[in-house]
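S.K.: I'd like to ask some things about the structure below.
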């Protein structure tokens, strides 16, 4: 009943596992490359719905001639409303003005009247706005991390808040790497969803880490600083296991429901949000139990030792 | 907590039920065919263009042009006017003066199957044609006719500036607002000619933008220096509006689109319905799980969760008729679903603590009390950090004139305003979810649990996850 899990003792396995996943993500992103969505790098995608069969090359020819640049076409089907779609992607970063877009639409429907082409969606992003968006996201993430360190440093003074804060941010970076790995492995586009997932996981993981820190803080108060750090941390994590498991189950269940429904309905934009989020949530609970507190024992232990030898 | 009465449980439950009913059904009074919303229902939710379909476009001056602040105002006025002319009234328009961007977003026009968004956007960005015409004759469609159609006195390119100014009426000492108009030499010449002719007969000069008459004035004297003052029954705002419109006609460039996104109407509705189903399933599963794991506190958590979800919806509709509703996007719905999962965290934390205290041999009363007390610091610290994240998100991706965006402009100064409405909506639901969590997950749950534990039938520790009293 009162078994205490030895988390700290197994820290090497955890570090190896995490390092392996992160390394895998890095290697894969070099080998496969990553798909940065036009939201970030700029470009244009126009999607039309059509009926019957369509000559993809013909569409590409007409479009690239009018736009004066090369383009790529792909066929798809939206399961949300059963429409067959053809997407034209212009990777160039100059962007297409609405006039050009409208002339493409006009001549496509003139030259391919049987397909009954209708504009389904279109997106045109200027590369500077795209970069601005990316930069803003990164600043938002970095700023959040700073706020976290300051807040934890202030609220958890008793257990060496600054060190704890830094450990929690390392755990956060770890979670984000996992989310990134998920995007690379699943071949999802890096887009606004990616940023939304990162920021959600940021909040969730910090929350989980703080629950553990809170317990460590409380146990520190109950048992004083006599108790060795390793034991203190193991005990605290064990006491929180019920909460960690149950909150993870409820949160992940909610997002898995979204995933399944998105998969069935074929709403890819939601799937590429919900699935990485599930991975991120799992990574968050893993890192806040196995990475942040164990890292804290290592760092805080080193600081305590240094302080202790100085006193002598 | 001992003072809490048995009835409190029922009061809280009834309050949550009433709240839910009001949020879903709304309250409105009908007086002489005019319906006034007192409390909005779910039908009043404004769906983002990723759900309702629509157009999201950023206009900016052509490359290399540094527009002045007045010119941006003028461009804004021109866009607004054209949106209304196209029959688009429910648009959102934001001006980012630092980066010379104007962001316009409007939903697919209901009932308009032939609506061509590309043509509409093209038309929006066109240069406005401003004309000052003789007389005030128009046909049934409001277009200039007769002498007004034929006699164009000055066109917009001769306008040097149009600004708000005021005169002090010598008789009444009251401030009279109006528009000061300055024309270039060529414009001044034709204006002088026309005014000297029209002043004799108290003729009228009307101002037109494209084919809309935006104002008309009686000529009181000949104006030879090209500096006119248009007076009338203006307030500061209406004078500014006219000045902006005239300046819009004098804009020396055409607006170009730098970002342009169109989403068809059918695409989003399918996605929305999928999300709503997902939310419902998630809700049921989470409730069942909580009840299975924590028994009585699980039941309480489920009731609190109803309040939490209803609260999120109320914050989106605006609840009261006079609060504008918040645009809900697909990630916004995802945020609500996420808060269903995370919303029970407070209940999980306390229930775990109660269980622990019971196992260490405490009585139910002190276990409940200690459970809430001990879990509080972790709930508080944990939730507060999420509040920070939500606020940072909203500051980064909200409209540039919103409070949070202004408060955080120093942080994002280097970046243009990106109104990534999807992330903004997500941040909002996340924020609302966390705040409601304090209300329902902590306060309401605590009241309900403390009150229900007063019932004799509810005094078995087993119900709280403890060991049964043999």
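The values are calculated or read from the model by the stated rules, or taken from the named source; none is laboratory data. Remember, predicted model here, so these are calculated numbers, not experimental data. FYI the Cβ positions are ideal-geometry reconstructions off the backbone, even for glycines, and counts take in every protein chain you see.
S.K.: Would you pick out the residues in the range A:100-115 that are over 19 Å from residue B:256 (Cβ atoms) and assigned to a helix (DSSP H, G or I)?
M.R.: Of everything in the range A:100-115, those that are over 19 Å from residue B:256 (Cβ atoms) and assigned to a helix (DSSP H, G or I) turn out to be A:106, A:107, A:108, A:109, A:110, A:111, A:113, A:114, A:115.
S.K.: Confirm whether residue A:179 is under 17 Å from the mean Cα position of the chain (by Cα), at the interface with chain B (Cβ under 10 Å from one of its Cβ atoms) and either outside any helix (DSSP H, G or I) or over 30 Å from residue B:61 (Cβ atoms) (or both).
M.R.: It is false that residue A:179 is under 17 Å from the mean Cα position of the chain (by Cα), at the interface with chain B (Cβ under 10 Å from one of its Cβ atoms) and either outside any helix (DSSP H, G or I) or over 30 Å from residue B:61 (Cβ atoms) (or both).
S.K.: Being modelled with pLDDT under 75 and over 17 Å from residue B:105 (Cα atoms) is the filter; apply it to the range B:42-61 and report the residue that is surrounded by the fewest Cβ atoms within 10 Å (Cβ to Cβ).
M.R.: Here the answer is B:43.
S.K.: Would you kindly identify the helices (runs of 4 or more DSSP H) lying entirely within the range B:302-401 that contain at least 2 residues that are within 21 Å of residue B:47 (Cβ to Cβ)?
M.R.: Qualifying helices (runs of 4 or more DSSP H): B:330-343, B:364-397.
S.K.: Give all pairs with beta carbons closer than 7 Å in which a residue from the range A:11-31 that is in a helix (DSSP H, G or I) meets a residue that is exposed (fewer than 12 other Cβ atoms within 10 Å of the Cβ) and modelled with pLDDT of 90 or more; count only pairs at least 6 apart in sequence or on separate chains.
M.R.: That search, which allows pairs on different chains as well, returns nothing.
S.K.: Suppose we filter the range B:355-375 for residues that are within 11 Å of chain A (Cβ to nearest Cβ), closer than 16 Å to residue B:301 by Cβ and in contact (Cβ under 8 Å) with a residue 60 or more places away in the chain; how many remain?
M.R.: Qualifying residue count for the region: 1.
S.K.: Does residue A:54 meet the test of being surrounded by 13 or more Cβ atoms within 10 Å (Cβ to Cβ) and at pLDDT 80 or above?
M.R.: No: the conditions fail for residue A:54.
S.K.: Here is a follow-up. Of everything in the range A:211-225, what is without any contact (Cβ under 8 Å) to a residue 60 or more places away in the chain and touching a helix residue (DSSP H, G or I) at 6+ places or on another chain (Cβ under 6 Å)? Give them in sequence order.
M.R.: Answer for the range A:211-225, where residues must be without any contact (Cβ under 8 Å) to a residue 60 or more places away in the chain and touching a helix residue (DSSP H, G or I) at 6+ places or on another chain (Cβ under 6 Å): A:214, A:215, A:219.
S.K.: So, residue B:382, is that one under 23 Å from residue A:288 (Cβ atoms) and within 9 Å of another protein chain (Cβ to nearest Cβ) or not?
M.R.: The answer is yes for residue B:382.
S.K.: Being farther than 25 Å from residue B:59 by Cα, at pLDDT 80 or above and more than 14 Å from every other protein chain (Cβ to nearest Cβ) is true for just one of B:454, B:462. Which residue is that?
M.R.: B:454
S.K.: Determine the pairs where a residue that is more than 14 Å from chain A (Cβ to nearest Cβ), located within the range B:53-81, has a partner that is surrounded by fewer than 21 Cβ atoms within 10 Å (Cβ to Cβ) and part of a helix (DSSP H, G or I) with Cβ atoms under 8 Å apart, the partner being 6 or more residues away or on another chain.
M.R.: Matching pairs, first to second residue: B:77/B:241.
S.K.: I would also like to ask the following. Test of understanding: among A:170, A:152, which residue is in contact (Cβ under 8 Å) with a residue 60 or more places away in the chain, in a helix (DSSP H, G or I) and either closer than 29 Å to residue B:57 by Cβ or over 20 Å from the mean Cα position of the chain (by Cα) (or both)?
M.R.: Unique residue meeting the criteria: A:152.
S.K.: Do we have any residue at all in the range A:236-259 that's assigned to a helix (DSSP H, G or I) and away from chain B (no Cβ under 14 Å)?
M.R.: No, the range A:236-259 has no match at all.
Every residue, every condition in (1) over 19 Å from residue A:234 (Cα atoms); (2) touching a helix residue (DSSP H, G or I) at 6+ places or on another chain (Cβ under 6 Å), yes or no:
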residue	(1), (2)
A:253	yes, yes
A:268	yes, no
A:278	yes, yes
A:288	no, yes
A:296	no, yes
A:303	yes, no
A:307	yes, no
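S.K.: Looking at this structure, is residue A:184 surrounded by fewer than 24 Cβ atoms within 10 Å (Cβ to Cβ), in contact with a helix residue (DSSP H, G or I) (Cβ under 8 Å, 6 or more places away or on another chain) and either part of a helix (DSSP H, G or I) or modelled with pLDDT of 85 or more (or both)?
M.R.: yes
Conditions tested, residue by residue: (1) more than 8 Å from chain B (Cβ to nearest Cβ); (2) surrounded by 21 or more Cβ atoms within 10 Å (Cβ to Cβ).
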| residue | (1), (2) |
| --- | --- |
| A:125 | no, yes |
| A:131 | yes, no |
| A:136 | no, yes |
| A:140 | no, yes |
| A:143 | no, no |
| A:147 | no, no |
| A:150 | yes, no |
| A:157 | yes, no |
| A:161 | yes, no |
